[in-house]
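Scroll down for the structure; my scribbles are underneath it.
The values are calculated or read from the model by the stated rules, or taken from the named source; none is laboratory data. Owing to the predicted nature of the structure, the values given are computational and were not obtained by experimental measurement. All Cβ positions, even for glycine, are placed from backbone atoms using ideal geometry, and neighbour counts span all protein chains on display. The accessibility values were calculated without ligands, DNA or RNA, using every heavy atom of the protein model including side chains. Shrake-Rupley method; radii C 1.70, N 1.55, O 1.52, S 1.80 Å.
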Amino acid sequence: MMTDISSGQSGQSIQGWETRGEPWPRIWKTGLALLLAALSAAPAQVRVQKTAGQKSALDCAGFAATSSGAGAEFRRTLQEDLARSGWFVPAAPGRGEYALVGTAGGGGAEVTAQVQFSSAAQRQLLLSKQYRAPVGDARRMAHRVADEILVAIGRKGLFSARIAMIGTRSGSKELYVGDLDGGNLSQITSDRSISVAPHWGPDGNLITYTSYVRRYPDVYLINLASGHRRVLANYPGLNAGGAISPDGQSVALILSKDGSQGLYIRPLHGGAPVRITDAQRAALASPCWAPDGRQIVYVSDQSGTCRPQLYTISRSGGAPRRLTSRGPQNVAPHWGANGLIAYASLMGRFQISVLDPVTLDNKVISSGDGDYEDPSWAPDGRHIVCSRTVNYRSQIYLLDTLGDPPVALTTNPGDWYSPSVTAK
Amino acid sequence: MLSRRWMMAAVLGMATLAMLSGCKKKTTGGPGTGEGSLGGIKGGDITDGSLNTRPGDGSLETRGQFVPVYFEYDSAQVQAGERAKLEAVSANLKQNSAGGVIVEGHCDERGSREYNLALGERRAMAVRAYLVGLGLDGARIQTKSFGKEKSVALGHDEESWSKNRRAEFVLFK
């Protein structure tokens, strides 16, 4: 029962190599022609696109793929990723600020792609590579190419990240892992128990979560690569909030073993937990480390039951600092590598907000029907993955902090919630 | 530093108890009856110290012998109307010196799952503190929070929510 983990990891088998400087006469000529065409016609259009949200016109007309099978799946996934990245809008053929040319196809057990990505404005070939992967990894290969294209334009990638989440498809609350676009979903636990609140460790391999598989709420550590799971904390009372520090050495825990709830820090691989909060009459939840590992943001209702708010505290203890005061409930913080804290704020419904912990400036990101909860930053520092509950059904959504509309990542039967995104 | 705080808290607690027993002569029968000194009512879920090691593998657990205790929406305090239920639990455990009780804390479906896990634990601990106040040995009382993960009423209105904000009792041998 404890080793039923099928990780479904296959990203390592994707190969990619540079082809810049190698002879690609036909494609290169096509690309050059497209570049020149783009240069002669593009400027007016680009200016409009820029003011409409920092988006660049991308011409994909020169990217050919087989009409079905893995090549088509690769092309479709790549185009979907590039659109979702928020940095591109489709351009008419020959009129893009950037151009994507190349081919993708499936030959038997493999999917292959040749990709050239160039800037028309700078007349520069920014990416030229060949990729090859097992045919089942066409989508993951596309995610990798999308991220490399984003890096080529000076942005950060996000589509190679993975989401850990809770799903109820099987009839019980099990742990699942999927890609950032919601695809490639694999069931990690089959406990027929209750799984709660998964959180990735910094390496994208370890997952902590709370499970009742041994009847009590205990914190477990899953190593996806090895398929092993072990108990991290099973003290008497509540064991929750397992959050691994950015250096991978420590874990933050919410424990009640001493007769009141406290935030504790312990070495990940054994040792005694040290309590760092003093409040005796509070419910505590959702610890999350600052990117530098020196502070922890967490939820406490020390100001009033059912009025949980965000606080930060130094990892060595001391006085906590209250971050939120507006609204009855501010919960589920996730401190991004960009330094900003995403959280859920109750304003009639739950909405996702982003807070600067230095200035305490905040901004509501989500809007519209339903409750948006449990935000987790995507690695690009622009997007946030969260759950959205409408009519008591929950699905995972991708939110854009720069204003693109939310995208549903899961549309499967059952409820999907408590997403956590890998750091890369 | 923490241990010093604990000692201070303990000293203050004892002083409070002494004062209360000094001025509230009408209260009957020791701790657990004077409202000001009761655990679990004014959020005093810490007066009874650390939790004991968990009981065995669950094979000797029985549930359903006691009526659940219900809570207000924004509260982890034992309401006055619920106290008779706890006196029944306490009386039963005092008659049977073996084993003890697991107090399961639950919440309604609204709000953050992780916060509700903590709130359910506070409710369980408030009940535990009240039972300790009635004279039970805290070492015989375990707490277990289910947060909002195990609703008994499945509607989405106050009628269901009020049934889900509860503490249940499981006896163990």
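Once the range A:225-243 is narrowed to residues that are among the hydrophobic types (A, V, I, L, M, F, W, C) and touching a Leu at 6+ places or on another chain (Cβ under 6 Å), the residue that is nearest to B:Val103 (Cα to Cα) is A:Ala240. The residue of the range A:294-304 that is nearest to the other protein chains (Cβ to nearest Cβ), among those that are in contact (Cβ under 8 Å) with a residue 12 or more places away in the chain and open to solvent by 10 Å² or more (accessible area, probe 1.4 Å), is A:Gln302. Where residues in the range A:163-204 are more than 12 Å from every other protein chain (Cβ to nearest Cβ) and among the basic types (Lys, Arg), which of them is surrounded by the most Cβ atoms within 10 Å (Cβ to Cβ)? Once the filter is applied, the top-ranked residue is A:Arg169. When you look at B:Glu114, is it under 22 Å from A:Lys173 (Cβ atoms), part of a strand (DSSP E or B), out of contact with any helix residue (DSSP H, G or I) (no Cβ under 7 Å at 6 or more places or on another chain) and not polar (S, T, N, Q), yes or no? When the stated conditions are applied, B:Glu114 does not pass them. Filtered by the rule that a residue be touching a strand residue (DSSP E or B) at 6+ places or on another chain (Cβ under 7 Å) and free of Cβ contacts under 8 Å to residues at least 60 places away in the same chain, the range B:148-173 gives B:Glu149, B:Lys150, B:Asn164.
Listed by position, the strands (runs of 3 or more DSSP E) enclosed by the range A:328-424 that each have at least 1 residues that are surrounded by 22 or more Cβ atoms within 10 Å (Cβ to Cβ) are A:330-335, A:341-347, A:349-355, A:371-377, A:383-390, A:393-400, A:416-421. Quick check on my filter: what residues within the range A:80-124 are within 21 Å of A:Asp380 (Cβ to Cβ) and free of Cβ contacts under 8 Å to residues at least 60 places away in the same chain? A:Ala83, A:Phe88, A:Val89, A:Pro90, A:Glu97, A:Tyr98, A:Leu100, A:Val115, A:Phe117, A:Ser119, listed by residue number. Only a single criterion out of (1) open to solvent by 20 Å² or more (accessible area, probe 1.4 Å); (2) of a type outside the set (Lys, Arg); (3) part of a strand (DSSP E or B) is not satisfied by A:Ala133, namely (1). When A:Arg307 is tested against (1) surrounded by fewer than 22 Cβ atoms within 10 Å (Cβ to Cβ); (2) within 14 Å of chain B (Cβ to nearest Cβ); (3) farther than 17 Å from A:Val251 by Cβ; (4) touching a Phe, Trp or Tyr at 6+ places or on another chain (Cβ under 7 Å), just one condition goes unmet, and that condition is (4). For the range A:77-115, residues that are acidic (Asp, Glu), open to solvent by 10 Å² or more (accessible area, probe 1.4 Å) and closer than 18 Å to A:Arg140 by Cβ total 2.
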